[in-house]
Amino acid sequence: MRKAFLFVVLSLFLVFKGIADEGMWLPMLIGKNLAEMQRMGFKLTAEDLYNVNGSSLKDAIVQFGGGCTGELISAEGLLITNHHCGYPEIQSHSTIENNLLANGFWAASRADELPNPGLEVKFLVRMDDVTNRVLKNLTPGMNERERLMSIQQVADSLIQLAEKEGVGYEAIIRPFYYGNQYYMFVYQVYKDVRLVGAPPDAIGKFGGDTDNWVWPRHTGDFSLFRIYADKNNNPAPYSPSNVPFKPKKFFKISMRGVKEGDFTLVYGFPGRTQQFITSHAVNLLINQSNPNKIGLRDIRLSIFKSFMDANDTIAIKYAAKHARVANAWKKWIGETMGLRRLDAVAQKQELENMFAAWAATNPELKERYGWLLPKFQNLYSELAPLSLVVDYRNEAVYGVELLSFASRFERLLSMAIDPKADKEKLIEQRENLKDYVRDFFKDFELDVDREVFAALMKAYQERVPQKLQPEFLNKFMLQSGNWRQLAGQIYSQTVFADSVRVLTLLNDIDSTSAREFLNDPIFNIYFEFEDYYRKNVQKRYFEITDSLEILYRTYVEGLMRMQPDKRFYPDANSTLRIAYGKVAGFNPRDGVVYDYYTTIDGIYEKSQQRNVPDYVPPKRLMELYQAKDFGPYAVNGTVPVAFIASNHTTGGNSGSPVLDAEGNLIGVNFDRCWESTMSDVMFDPNYCRNISLDMRYALFIIDKYAGAKNLINEMVILQ
Ligand code: ARG
Ligand code: ASP
């Protein structure tokens, strides 16, 4: 009884007041949170964080390469981000003879810094609330398509104007709260970004997949780049005559360290969260979608692993693939466990019951919101089987490398057999495809993929209800049912497995050579799946997801009216956000307490475990450790490596600056704890912790391990 009462009071408190550490706030509106932030220890003002009329901390932050965040740490354009964010660049400069992944890289001089075609960083110049402007031409009778077109029209003209304001400006308008609000983001984009430094994998990826998403963590997950500009400090394509960029603002690095309870702020580009989804959606996620996707990746990962364990060449070829497949797989497992632990479906239902009761309180509310929840229920039950096919399409069909490879040929092939097709477009397509083909075969191993094919086709046939399957699977099942034998036949016949033949056929692609691809067994299997999906799933699937988008627009509007005192924050959508919280350990499981920081002692400890290839630190690091040669970075006879805090972060926040109460850089965000990964759907301050690299470990590696004093000297380090 007492407990029940407490629970109600507590949940009302959570619903109405918001939770101190939850939230990814818009920099432009951060003033609304300032009182709370200051109560938690923050010492700066809202203008220090975001100010369009002068420089502010936002000017030291970039979206790095599309999917990550980075920050400036010197007056000469030096930037720090994660090692896993700079990985493609570090890899692209690596060869067998000069393996930067294995050995690390430290540019001895500016001239040695390595250019990276294709890599961009974006500074946010400003953001504007454009809601009223983009919605001004809407009329009540418009359907969704007309609505979007009207919005697009205004948006395009605003974007065009904004992009004329400065060199390298790019603007984008994004919906917030499912289209209840719109903001324009104006960026300045720099395209000459050079690799300056990276520790070896054995530091930058220490712990590998074993420790990924896990605390305690000991990964030196950082790399260094430098932005170059033309003589006027403006963006310019790569040129040897470019000069280091002079930022409006860069972070001072604090060596003062963190204590439990200290204020922390993460300022970066979180990618995607779904805090508003209903109980029906959470149910679909944790009881259907995640388990299916996890199950299919279990199959792929165990096949990868058996080949990688047996063969060193395959181990190298599949290292990045394995890491990519394992990353989301492990996150989904953590997310599912977390949402179940929180009884998220029941929590969502409770909110929905409140919403329904509120919406019944007067006729206006009833008309606008009363029908929403039953409609959600209907749409999600209709969506469930379709979304199952979509998940199997992504994970089982596209999980087979050759099927995914074959899918890339479809457009070109249909052009090649169409006498009316535009010749120039055809040639352009073909050339792009040739680059892709060469890339594909670099890391492809036929034996691995044949096993994957057999296992995933079998899983598809066994696990997907028959009425949701393309017919050929069942036909084959009735004929023989020996998937490995089928795989053996197909993989020995298909031209897609033969890079030379594929390239030759592509070189003089015409309707005859196109037929050879079109008649290929791999292409045909790909097409059977695709044809089934297009005829039976695609259209309705997108109709439903579009309808859900509209329902959520009204639902979220209603939630905001129902809770007028609650401070709402929009879901992450790859725009710049502020998350604040405190340094804190936690209690992840029964009988387990996590401390808030790790040290180099833990690297030594892990290295003593037998036969864990992810736990092999470089010899030189262990020599420094044994000699306690820590320079000025020692704290109580050791070096701090990582710490956890209660900042609300997600994918895309990797590389984000982690700031102390004065706005100095104390860490670089790189991950979350496994028990925290449900935070994309439901944040819980008792369990949600982001993991940051301690800047003192980064400095120790740059200075003592790499001896790159030149880099240390350009930073401003507060003792
Ligand atoms: N889990 C982190 C993130 O989602 C780091 C991934 C990179 N590390 C790895 N071992 N795969 O990006
Ligand atoms: N590791 C993630 C990233 O790369 C961060 C996270 O999901 O917490 O952005």
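The values are calculated or read from the model by the stated rules, or taken from the named source; none is laboratory data. Predicted model, so just to flag it, every value in this text is computed and none were measured. Neighbour counts are summed over all protein chains in view; Cβ atoms, including those assigned to glycine, are modelled from backbone coordinates with ideal geometry.
Would you confirm, using the coordinates I've provided, whether Leu426 is closer than 20 Å to Arg515 by Cα and among the hydrophobic types (A, V, I, L, M, F, W, C)? Spelling it out, Leu426 is indeed closer than 20 Å to Arg515 by Cα and among the hydrophobic types (A, V, I, L, M, F, W, C).
Of the residues that sit in segment 678-702 and are of a type in the set (S, T, N, Q) and under 30 Å from Pro618 (Cβ atoms), which one is nearest to ligand 2 (Cβ to nearest atom)? Ranking the candidates gives Asn690 first. Counting residues in segment 1-15 that are modelled with pLDDT of 85 or more and within 30 Å of Glu662 (Cα to Cα) gives zero.
Within segment 253-272, if we keep just the residues that are farther than 16 Å from Thr650 by Cβ and of a type in the set (D, E, K, R), the residue that is surrounded by the most Cβ atoms within 10 Å (Cβ to Cβ) turns out to be Asp262.
Do we find a residue being under 20 Å from Ile702 (Cβ atoms), touching a residue at least 12 places away in the same chain (Cβ under 8 Å) and not acidic (Asp, Glu) anywhere in segment 608-619? Yes.
For the residues Lys535, Lys458, Lys475, the requirement of being among the basic types (Lys, Arg) and either touching a residue at least 60 places away in the same chain (Cβ under 8 Å) or surrounded by 15 or more Cβ atoms within 10 Å (Cβ to Cβ) (or both) singles out Lys458. Among the candidates Val635, Val639, the residue that is surrounded by fewer than 22 Cβ atoms within 10 Å (Cβ to Cβ) and in contact (Cβ under 8 Å) with a residue 60 or more places away in the chain is uniquely Val635.
Per the conditions (1) at pLDDT below 95; (2) in contact with a Lys or Arg (Cβ under 6 Å, 6 or more places away or on another chain), the sole criterion not satisfied by Val282 is (1). Of all the listed residues (Gly338, Gly399, Gly334), the sole one being in a loop (DSSP other than H, G, I, E, B) and at pLDDT 95 or above is Gly399. The number of residues in segment 704-719 being in contact with a helix residue (DSSP H, G or I) (Cβ under 9 Å, 6 or more places away or on another chain), part of a loop (DSSP other than H, G, I, E, B) and at pLDDT 95 or above comes to 2. Annotation: of all residues in segment 660-710 being basic (Lys, Arg) and closer than 14 Å to Ala579 by Cβ, the one that is farthest from the chain's Cα centre (by Cα) is Arg689. In segment 144-183, of all residues being β-branched (Val, Ile, Thr) and either surrounded by 19 or more Cβ atoms within 10 Å (Cβ to Cβ) or free of Cβ contacts under 8 Å to residues at least 60 places away in the same chain (or both), the one that is nearest to Arg553 (Cα to Cα) corresponds to Ile151.
Output yes when any residue across segment 100-111 is of a type in the set (A, V, I, L, M), surrounded by fewer than 19 Cβ atoms within 10 Å (Cβ to Cβ) and farther than 28 Å from Asn669 by Cα, and no when none is. Yes, that holds for at least one residue.
Looking at segment 364-376, can you tell me whether even one residue there is surrounded by 14 or more Cβ atoms within 10 Å (Cβ to Cβ), of a type in the set (Phe, Trp, Tyr), assigned to a helix (DSSP H, G or I) and more than 16 Å from ligand 1 (Cβ to nearest atom)? There is at least one residue in segment 364-376 that is surrounded by 14 or more Cβ atoms within 10 Å (Cβ to Cβ), of a type in the set (Phe, Trp, Tyr), assigned to a helix (DSSP H, G or I) and more than 16 Å from ligand 1 (Cβ to nearest atom). Against the numbered list (1) of a type in the set (Lys, Arg); (2) surrounded by fewer than 16 Cβ atoms within 10 Å (Cβ to Cβ); (3) not in a loop (DSSP other than H, G, I, E, B), Arg430 comes up short only at (2).
Count of segment 32-64 residues, restricted to those that are touching a helix residue (DSSP H, G or I) at 6+ places or on another chain (Cβ under 6 Å) and at pLDDT below 95, is 0. Do we find a residue being in contact with a Gly (Cβ under 8 Å, 6 or more places away or on another chain) and either of a type in the set (S, T, N, Q) or within 16 Å of ligand 2 (Cβ to nearest atom) (or both) anywhere in segment 169-186? For segment 169-186, residues in contact with a Gly (Cβ under 8 Å, 6 or more places away or on another chain) and either of a type in the set (S, T, N, Q) or within 16 Å of ligand 2 (Cβ to nearest atom) (or both): absent. Annotation note: of Met24, Met37, Met28, the sole residue that is of a type in the set (A, V, I, L, M, F, W, C) and touching a His at 6+ places or on another chain (Cβ under 6 Å) is Met24. Of the residues in segment 568-577, none is free of Cβ contacts under 8 Å to residues at least 60 places away in the same chain and of a type in the set (A, V, I, L, M, F, W, C). Condition check for Ala320 on (1) surrounded by 15 or more Cβ atoms within 10 Å (Cβ to Cβ); (2) touching a residue at least 12 places away in the same chain (Cβ under 8 Å); (3) within 16 Å of ligand 1 (Cβ to nearest atom); (4) under 24 Å from Glu401 (Cα atoms): one failure, at (1).
Of all residues in segment 696-703, none satisfies being at pLDDT 95 or above and assigned to a loop (DSSP other than H, G, I, E, B). From the list Ser692, Ser679, Ser654, the lone residue that is among the polar types (S, T, N, Q), assigned to a strand (DSSP E or B) and within 15 Å of ligand 1 (Cβ to nearest atom) is Ser692. Among the candidates Tyr526, Tyr597, which residue alone is crowded, with 17+ Cβ neighbours inside 10 Å and within 30 Å of Ser656 (Cα to Cα)? Just one listed residue meets the conditions, Tyr597. Counted as qualifying within segment 81-143 are the helices (runs of 4 or more DSSP H) with 1 or more residues that are within 16 Å of ligand 2 (Cβ to nearest atom) and in contact (Cβ under 8 Å) with a residue 24 or more places away in the chain, namely 83-92. One residue stands out in segment 65-77 among those that are in contact with a helix residue (DSSP H, G or I) (Cβ under 6 Å, 6 or more places away or on another chain) and not small (Gly, Ala, Ser): the one that is farthest from ligand 1 (Cβ to nearest atom), namely Glu76. Residues in segment 349-363 that are assigned to a helix (DSSP H, G or I) and exposed (fewer than 13 other Cβ atoms within 10 Å of the Cβ): Asn353, Ala357, Pro363. Taking each residue of segment 435-455 that is within 20 Å of Leu301 (Cα to Cα) and looking for partners that are at pLDDT 95 or above and not in a helix (DSSP H, G or I) with beta-carbon atoms closer than 6 Å, six or more apart or interchain, yields Val452/Val400; Phe453/Val400.
Are there any pairs, at least 6 apart or on different chains, whose C-beta atoms fall under 6 Å, with the first in segment 666-679 and of a type in the set (Asp, Glu) and the second within 12 Å of ligand 1 (Cβ to nearest atom), and if so, which? Final answer for the pair search is Asp671/Ile691.
Summed over segment 508-526, residues that are in a helix (DSSP H, G or I) and touching a residue at least 40 places away in the same chain (Cβ under 8 Å) total 10. The residue that is modelled with the highest pLDDT, counting only those in segment 79-94 that are surrounded by fewer than 23 Cβ atoms within 10 Å (Cβ to Cβ) and more than 16 Å from ligand 1 (Cβ to nearest atom), is His93.
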